[in-house]
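The values are calculated or read from the model by the stated rules, or taken from the named source; none is laboratory data. What you are looking at is a predicted structure, and each value in this text was computed from that prediction instead of being measured. So basically every Cβ, Gly included, is an ideal-geometry build from the backbone, and we count neighbours across all protein chains shown.
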Amino acid sequence: MHTAKTPLRVAISARGASRLKSGHVWVYRSDLLSADNIPAGSVVAVADERGKPLGTALYSSSSQIAIRMISHEPVSDLQQLLRRRIANAVVYRQRIVRDTNAYRLAFSEADFLPGLIVDRYNDIVSLQILTQAIDSNPVRETVISELTLQLDCASIFERVDPRVRELESLPPRASGLLHGDKTATTFTMNRVHFHFDALEGQKTGAFLDQRENYAAAAQYARGDALDVFCYQGGFALHLAPLCSRVTGVDSSRPALEVADKNAVLNHRDIEWIEGNAFDLLKDYASSHRHYDTIVIDPPAFAKTKHDLDSALRGYKELNLRALKMLRPGGVLITCSCSYHVSESDFREMLVSAALDAHRTLRLLEVRGQAKDHPVLLNVPETAYLKCLITSVS
Ligand code: SAH
């Protein structure tokens, strides 16, 4: 019989062990040597093929990522460990986050909390559970109780991604409140105000990972500005105080409705256009429209590495058209949130677009995700956002 003191054991191949020794925290199912009869979501002791202990992990019976390490040491009390990790994540944010009451409070592996994402929107906390281990009832209770202890929040809302639950063989579950009853609030970043409604929104409510890039973009923005893939107006609202005219484009009407409410909240006059960005940029470029500032922040075009070529073609088309429309001395802020598109792929794409558009780009800033979405250097998958700011002549 297994008690907390005699943990379940999983042996992994030499390849899996060398991955862990290089600092990564995942072991793929193909590198498991023995994992028979291990219940979904167990805490397991990981050992190499000779039985040498490598630490403690959370086990998934269904994902290709079978093992996510949580400690180099034996773990006798998972709940206590998670409480400590959440408390540490809170302290880390207190040190590094400025000028906002909305930020990512826990970013899965990057906060040593594999499978748990927590975002804070002022007094509403939104969490996402990505793995079997974190989905178990005792772990959920621990997470909720530690978050309420650490934060002065009115409510905690769980946002469910049905695809994630399917991949983890978890039963379907609806998004909903786990604590409190408040579902809507406003939050502020860089002195710009936003509405948040937990019952609406596409991802986790807002793209908090762009917070520092909004402020950076605002340093260079001027004249006529176009925010392509504007969602609820994150960039557009930051550019508005500095630009003579701002237009935001998105294909989602609900997103634009919130964008418009956000403009009212900030007393800004912004034009919102509902449409397909590819078609609209094509029309605008061929009708010789010109801008001084253009932001391009599309959704992840490459969901897997197999999509890389078509993703790069998509990025190139958008950037090429934007470059053609920028006046000399204009600013292009161009982003990719696809992990599978590396920074060097993205730069190469931009060089090629610039050559085709007969423009010269000077790099003003090379940026990534905001610091509350930490990048764990030994886990490349934690770095996904690229944001290049260039001056175009
Ligand atoms: N810049 C935004 C985030 C953009 S997320 C911010 O900082 O908040 C990507 C957005 O692209 C989503 O709002 C989505 O509705 C929109 N979108 C996806 N495909 C589109 C298309 N073909 N044309 C226009 N918008 C599109």
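Miscellaneous remarks
- Residue in segment 256-266 that is more than 22 Å from the chain's Cα centre (by Cα), assigned to a loop (DSSP other than H, G, I, E, B), more than 10 Å from the ligand (Cβ to nearest atom) and surrounded by fewer than 23 Cβ atoms within 10 Å (Cβ to Cβ) present: yes
- Tally, over segment 351-375, of residues that are part of a loop (DSSP other than H, G, I, E, B) and touching a helix residue (DSSP H, G or I) at 6+ places or on another chain (Cβ under 8 Å): 9
- Restricting segment 64-87 to residues that are farther than 20 Å from residue 378 by Cβ and of a type in the set (S, T, N, Q), the residue that is surrounded by the fewest Cβ atoms within 10 Å (Cβ to Cβ): 80
- If you go through segment 333-345 and keep only what is closer than 17 Å to residue 310 by Cα and within 16 Å of the ligand (Cβ to nearest atom), you end up with 335, 336, 337, 338, 339, 341.
- For residue 161, the requirement of being of a type in the set (Asp, Glu) and either modelled with pLDDT of 95 or more or more than 16 Å from the ligand (Cβ to nearest atom) (or both) is not met.
- Hey, residue 277 within 9 Å of the ligand (Cβ to nearest atom) and in contact (Cβ under 8 Å) with a residue 40 or more places away in the chain or not: yes
- The set of residues in segment 235-245 being more than 13 Å from the ligand (Cβ to nearest atom) and not hydroxyl-bearing (Ser, Thr, Tyr) consists of 240, 241, 242, 243, 245.
- Check on residue 304, of a type in the set (Ser, Thr, Tyr) and touching a Leu at 6+ places or on another chain (Cβ under 7 Å): no
- Residues within segment 177-224 that are within 13 Å of the ligand (Cβ to nearest atom), hydrophobic (A, V, I, L, M, F, W, C) and in a loop (DSSP other than H, G, I, E, B), tallied: 2
To keep it simple, each residue is scored yes or no on (1) within 12 Å of the ligand (Cβ to nearest atom); (2) within 27 Å of residue 342 (Cβ to Cβ); (3) in contact with a Cys (Cβ under 9 Å, 6 or more places away or on another chain); (4) in contact (Cβ under 8 Å) with a residue 60 or more places away in the chain.
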position	(1), (2), (3), (4)
282	yes, no, no, no
291	no, no, no, yes
297	yes, yes, yes, yes
305	no, yes, no, no
312	no, yes, no, no
328	no, no, no, yes
331	no, yes, no, yes
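- The residues of segment 322-349 that are under 21 Å from residue 210 (Cβ atoms), among the acidic types (Asp, Glu) and over 18 Å from the mean Cα position of the chain (by Cα) amount to a single one, 345.
One line per residue, one yes/no per condition, for (1) crowded, with 17+ Cβ neighbours inside 10 Å; (2) at pLDDT 95 or above; (3) within 30 Å of residue 118 (Cα to Cα); (4) in contact with a His (Cβ under 6 Å, 6 or more places away or on another chain):
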site: 360; (1), (2), (3), (4): no, yes, no, no
site: 369; (1), (2), (3), (4): yes, yes, yes, no
site: 380; (1), (2), (3), (4): no, no, yes, no
site: 387; (1), (2), (3), (4): yes, yes, yes, no
site: 392; (1), (2), (3), (4): yes, yes, no, no
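- Among (1) buried (at least 17 other Cβ atoms within 10 Å of the Cβ); (2) of a type in the set (A, V, I, L, M); (3) more than 16 Å from the ligand (Cβ to nearest atom); (4) assigned to a loop (DSSP other than H, G, I, E, B), the one test that residue 174 misses: (1)
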